[in-house]
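The values are calculated or read from the model by the stated rules, or taken from the named source; none is laboratory data. The structure presented is a predicted model; accordingly, all values stated were derived computationally and were not measured. All Cβ positions, even for glycine, are placed from backbone atoms using ideal geometry, and neighbour counts span all protein chains on display. Just the protein is used for accessible areas: all its heavy atoms, side chains included, with ligands, DNA and RNA removed. Shrake-Rupley method; radii C 1.70, N 1.55, O 1.52, S 1.80 Å.
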Amino acid sequence: MTASEIDTPPAEPTDAAASPDDCLIRVRGLRNEFGSYVVHDNLDLDVRRGEIIGVVGGSGTGKSVLMRSIIGLQIPDAGTIEVLGQSITAVRDDADIAIRSHWGVLFQGGALFSTLTVAENVEVPLREFYPEISEELLAEIAHFKVLLTGLPGDATLKYPSELSGGMRKRAGLARALALDPELLFLDEPTAGLDPIGAAAFDQLIKGLQQTLGLTVFLITHDLDTLHEICDRVAVLADRQVIAVGTIPELLALDHPWIQEYFNGPRGRAATAAWHRASERTA
Amino acid sequence: MSTKPDFTLTPGEGGDTLVLTGAMLVSTLGALDVRLRAITTPIAQIDLAGVDAIDTVGAWICCRLSRDTGAAIVHAGDGAQRLIDALHRVDDGHEAQTVRLLPVWLRVPANTGDTVVGLLSGAVRVLGFVGQMVIAAGTLLRHPSRIRGKALTHQMELVGVNALGIIGLMSFLVGIVIAQQGAVELQQFGAEVYTINLVGRLTLRELGILMTAIMVAGRSGSAFAAELGTMKLTEEVDAMRTIGVAPMEALVLPRVVATVVMMPLLGVYSAVMGIIGGAFLGQVSLGIPFFTFLTRIRLVVPTYDVWVGLIKGPVFGLIVALAGCYQGMQVKANAEEVGTRTTAAVVFAIFTVIVLDAFFAVFFTEVGWG
């Protein structure tokens, strides 16, 4: 994420296939199986530069497994995954994935290191990749990253066990942003937050994405989040990505699960809320 | 690759102009930041015209310089300006807080004090824990239908049956060693035959139960602490409470009772394996036939030696299980605590078992079971 990249506006989502340069994540023919249970089979997905892509699907359709495959935590049984033009699947040794410094990951529970303070948590990736940064600068970076995620400054000295669930998520986000990544992976960032907190978190992600020019891979069940901040939504079902597009595009499709997902009682409420909100801003 | 960032100072009216060039990125800034901090002359302007790439860390350094010196930032690109604005918005003007460690001459007494206070309050908590356990046991005795038979038998299997292999092997080998070493010494007096007395009395009275207790502390006591500690961390214990299942009844008592019951059994088993080991060595290298060795044991070992071992068994079992369960249930904060608590459980259990064993030795001699 550099200024020159920020200055180029994010590619407008179009129906045409993205050109190779715009494609930050390219998944082809992915297959994941646990024993005899096939999670993914021949799954394809493209994530374009500068977009927020939401990944939805019923429980057990392998949303988290897809994310773990992309970030190299789960070795797929078949298929190729390229991130920033580098293959993840060809690498067998964890240490060889050099592009790790280009992405940040927020796990569901925050996954903060419980024996370190919030500031130390944020400093971990910085120390790992850039040992020449001085202690003072490290402390300052941790401080402003924590402030960027909306936590108060004194939270830096707290331990994860002293934080609430929502604060832990923000601290996890601060750690994910520590290296100024181009790519941000978020696993259910708003799950377990109150509606006000969840809406604030949505705006936080959108704001950071616009300011920092991030590409965001977002797993969520939160229909409001999908409406509010996602440029495109990928639907996981039947072991594949069955559709990718904006919500109106998805609604035009005649797939029973998509229809039920977006047109169920909760889906309708979220759509109505989104329409009201956009009318107010218009 | 991005170019290395650098700076030049151009003197001007009212202060210098700091001209930054190159890529101001987290990956390249480490050395530059140290040099920028060394600048002492006043700065009036920060010129970013020569910066070809910038990220939040680069923007932060500009922000900090401008805040600390009052300098104006000029010629920032759109992206750089957006980052700097975002940082200005969130910057609360406070310095980054770091944990300040006390100087060593204060830290040592402080830690010592903490430890002493911790020991005292720990003793009170142990007492409370034992009390809770006794109450839970009383409740279960009045309502026997609530006794968790399945959990109890499962723990008995884990603590007792699954330990048979390793305890058997260990005792067999120790039996061989005692017989071997004893025989070497006793041979000097022509008294090898007393090797049988040595092996029989030592294993039944002392070593069988003591080594079993140490092995169980390492195998099961540590497992109790780690299991319960992890369950505390993942809020499983809280979940149990809310469902109306008392953790004392469901988690602690089955483990304690299983260990108390299994310990004397394992102790006797260990003693038997030790005697077999001694008899094996007698057969192989001392010329005492295997079964003669076993028959002699019956004649030279007084019955009260067996009782001594059997009496110590449940006491040691209680200590090992209590230490494990208590430490496990004390875990509150983090993963590291599970580790330290588990260590504490094992160390405390082994230490206490050895100290008590010494007391038992004196006691039984005094009452005439020498």
Among B:LEU322, B:LEU141, B:MET248, whose Cα lies farthest out toward the positive end of the dipole of chain B, if unit charges sit on the beta carbon of Lys, Arg (+1) and Asp, Glu (-1)? B:LEU141
Peptide B:71-83, shielding by other chains (average Cβ, 10 Å cutoff): 3
Sort the following peptides by mean Cβ neighbour count (other Cβ atoms within 10 Å, averaged over residues), highest first: B:128-134, A:68-74. A:68-74, B:128-134
Against the 2.2 N^0.38 Å scaling, with N counting residues, where does the range A:104-201 land? I'd like the Cα-based Rg ratio to two decimal places. 1.01
What lysines does B:LYS312 reach when the alpha-carbon gap must be under 28 Å and sequence neighbours fewer than 8 apart in one chain are set aside? B:LYS150
Using a/c under 1.5 as the rounded threshold, could you call the range A:99-148 rounded, prolate or oblate? The axes a ≥ b ≥ c are square roots of the C-alpha gyration tensor eigenvalues, and prolate needs a/b larger than b/c, oblate otherwise. oblate
Candidates B:PHE224, B:PHE290, B:PHE316, ranked by Gaussian network fluctuation over chain B, Cα under 10 Å, top entry: B:PHE290
Let me know the mean shielding of A:172-180 by other chains, meaning the per-residue number of their Cβ atoms within 10 Å of its Cβ. 2
Distance histogram in 5 Å bins (all Cα pairs of the range A:173-281, percent per bin): 2, 11, 20, 24, 20, 14, 8, 2, 0
Which helices pass in chain B if a helix is a full DSSP H run, must span at least 27 angstrom along its long axis by Cα, and must have mean Kyte-Doolittle hydropathy not below 0.5? B:104-142, B:164-187, B:253-281, B:303-330, B:335-366
Taking a cut-off of 40 Å, what percent of all Cα-Cα pairs in chain B are separated by more than that? 48 percent
Got a sec to turn the phi values of the range A:262-270 into Karplus ³J(HN,Hα) couplings, 6.51 cos²θ - 1.76 cosθ + 1.60 with θ = phi - 60°, whole Hz, x for Gly and Pro? 8, 10, x, x, 6, x, 5, 4, 5
Taking both sides together, what accessible area is buried at the A/B interface, probe 1.4 Å, expressed in Å² and rounded to the nearest 100? 2900 Å²
Compare B:VAL117, B:VAL252, B:VAL57 in a GNM of chain B, Cα atoms joined below 10 Å, and give the one with the largest fluctuation. B:VAL57
Along principal axes, largest first, the alpha-carbon spread of the protein assembly as shown in whole Å comes out as 103, 69, 50
Karplus-derived 3J(HN,Hα), 6.51/-1.76/1.60, for each residue of the range A:125-139, Hz, glycine and proline x: x, 5, 4, 5, 8, 10, x, 7, 6, 6, 4, 5, 5, 4, 4
Quick one: what Rg and Dmax do you get for the range B:229-331 from the alpha carbons, in Å? 20.9, 66
Rg and Dmax [Cα atoms of the range B:111-203; Å; Rg one decimal, Dmax integer]: 23.5, 63
Using a 10 Å cut-off around each Cβ of peptide A:140-150, what is the average number of partner chain Cβ atoms that fall inside? 6
So if I take the alpha carbon set of chain A, get Rg, then get Rh from the Kirkwood formula, what is the Rg over Rh ratio? 0.96
Which pairs in the list A:LYS158/B:LYS332; A:LYS145/A:LYS169; A:LYS145/B:LYS332; A:LYS169/A:LYS206 are over 19 Å apart, alpha-carbon to alpha-carbon? A:LYS145/B:LYS332
With +1 on each Lys and Arg Cβ and -1 on each Asp and Glu Cβ, how big is the dipole of chain B about its Cα centre, in debye rounded to the nearest 20? 1720 debye
Exposed loop GluC sites (Glu not before Pro) only (DSSP loop, at most 13 other Cβ atoms within 10 Å): please give the longest stretch of chain B free of them, not including the sites. B:96-234
Report the convex hull volume per residue for the range B:1-151, counting only C-alpha atoms, in Å³. 263 Å³
Report, to the nearest whole %, how much of the accessible area of the range A:194-282 belongs to carbon and sulfur atoms, 1.4 Å probe, protein only. 55 percent
